[in-house]
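The values are calculated or read from the model by the stated rules, or taken from the named source; none is laboratory data. Being a predicted model, the structure only gives us computed values, none of them experimental. Cβ sites come from the backbone with ideal geometry, for glycine too, and all protein chains shown count toward neighbours. The protein model used for the area step is the full one, side chains on, heavy atoms only, and it has no ligands, DNA or RNA in it. Shrake-Rupley method; radii C 1.70, N 1.55, O 1.52, S 1.80 Å.
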Amino acid sequence: MGGSMNEGMLRALLVTRFVRARWGYRFRSRRHLEAWQRRRMHAFVRRARRAPYWAGLRARDFPITDKAALLEHFDAMNTRGVRLTEALAAAQAAERSRDFTPTVAGDLTVGLSSGTSGRRGAFLVSPRERMLWAGTVLARVLDRAAVRQLLTPWRPPVTIAFFLRAGGGLYESVASSRVRFAFFDLTEPFDGLARRLAGAGEVTVLVGPASVLEALAMASADAGIGAPRLVVSVAEVLDPETAERIVAAWGVRPRQVYQATEGMLALPCDVGELHLAEETVRFDREWLDAERTRFVPVVTDLERRTQIIARYRLDDVVRVDPQAPDRCACGRVTTVVAGIDGRADAVLRLPASDGSRLVDVFPDVLRRALALESAAFADWRVTQRGTAVHVALAPAPDPKAPPEPSAAARAAVERGLLEVFETAGCSATIVHDPWTPRDPAVKVRRIVRESP
């Protein structure tokens, strides 16, 4: 690797981060965590000013940014002088060639954001940032048995299988005699990937988008795929229905990592809760309800030194329990996430029954309505277009089942949704659409508001 840190220094950094993320960062109280964040924020502001966009600004004057701002000011929002045109060219060349090893500015890995919200963007990661990421993920995702295996030289190495659209340095940073990686390219036919996984032997950790993990679990019996020791969902929201299907197939409850192009946002703990990564990311919260149960995160990544992420508004909606204790059973005081409702445009916005305003209908309520009837179909999608809510239901997986969900199933779903809307004080027209198979290389989005 190039840059100011040699291979040995980077490995030492990875080990240090692994130890700290696994056994450190234990604050005595929420107040101590917030004091730690304030100290780190001062150092972050000094580094951020090295990027032209923030040069000369006081912390309180940093503007709120978003993806549009990042694309418009990309050249000024990184500290290495990389231009967006250069980054996009490198990322797109890697996507076409499927070789993700080339770098820009000597040592920077370039990734291409998935583009589900419009224009595609690029993100830059230095070798140092890759090692911090890898050490954190290994520390927080591996269970105790996997950590013992990792640290015992005479035992087989930990094997991690990644099912992702893009591979390369970011996900293979820690390959060694103790950790082996297998990358499965989601742009290849799914059947071939399943056969390759079946022939890969024992897998310690299986990592992929929730929808891909579900598809592998459903295909495991026919394809001969053995149950992995750990299952980790990334890149998509892991909804309860998907989690339960994976548990039913493999007997393994998936862990969720909440990660976006903008950084590592939440990680699992030993007791199965999902915690905001407040040791390294500051979360300002734009609350969506008076009870303070749902918010849009505005994040500042306190560790990024290349592409600065400061006061960046995400598209997601995060749920928390305001009655939750300050300290989790695992001992951490970082915020426990009750759920991630996905992008903000997964919140339906429907006219009130009296026509006076628009009413928000949140994804968790919609998922519950669909779950109550889910025995009659295999999957579903809900899309709002104007005042119409379009519903598509996938046929049941039973080969004896009819090719389309029955009229009774569609009617039951319609009744459930209309009841949800009536309870929320709004109204909509339900439209039933035919089911179309999804592209496995594209993030699944079961609930989408296209307009208004």
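The condition of being in contact (Cβ under 8 Å) with a residue 40 or more places away in the chain and more than 24 Å from Leu108 (Cα to Cα) holds for only one of Leu151, Leu132, Leu216, Leu124, that being Leu216. Condition first: open to solvent by 30 Å² or more (accessible area, probe 1.4 Å) and at pLDDT 90 or above. Can you find one or more residues in region 296-304 that meet it? No, there is no match, as no residue in region 296-304 is open to solvent by 30 Å² or more (accessible area, probe 1.4 Å) and at pLDDT 90 or above.
State yes or no: is Ser97 surrounded by fewer than 20 Cβ atoms within 10 Å (Cβ to Cβ) and in contact with an Asp or Glu (Cβ under 8 Å, 6 or more places away or on another chain)? Spelling it out, it is not the case that Ser97 is surrounded by fewer than 20 Cβ atoms within 10 Å (Cβ to Cβ) and in contact with an Asp or Glu (Cβ under 8 Å, 6 or more places away or on another chain). In region 49-60 there is no residue matching the filter, namely being in contact (Cβ under 8 Å) with a residue 60 or more places away in the chain and closer than 26 Å to Thr334 by Cα. In this structure, is Arg180 basic (Lys, Arg) and modelled with pLDDT of 90 or more? Criteria not met by Arg180.
Of all residues in region 31-54, those satisfying the criterion of being assigned to a loop (DSSP other than H, G, I, E, B) and either over 25 Å from Ala69 (Cβ atoms) or open to solvent by 30 Å² or more (accessible area, probe 1.4 Å) (or both) are Arg49, Arg50.
Cβ separations smaller than 8 Å between residues 6+ apart or across chains give the following pairs from region 83-94 residues that are open to solvent by 40 Å² or more (accessible area, probe 1.4 Å) to residues that are part of a helix (DSSP H, G or I): Arg83/Phe74; Arg83/Asp75.
So how many residues does region 253-272 have that are at negative phi and over 15 Å from the mean Cα position of the chain (by Cα)?
Narrowing region 253-272 to residues at negative phi: 253-262, 264-271.
Still in the running and over 15 Å from the mean Cα position of the chain (by Cα): 253, 269-271.
Residues meeting the conditions: 4.
Restricting attention to region 14-30, the residues being hydrophobic (A, V, I, L, M, F, W, C), open to solvent by less than 40 Å² (accessible area, probe 1.4 Å) and outside any loop (DSSP other than H, G, I, E, B) number 3. Applying the condition of being crowded, with 17+ Cβ neighbours inside 10 Å and of a type in the set (Asp, Glu) to region 316-359 and asking which residue is nearest to Arg285 (Cα to Cα) yields Asp316.
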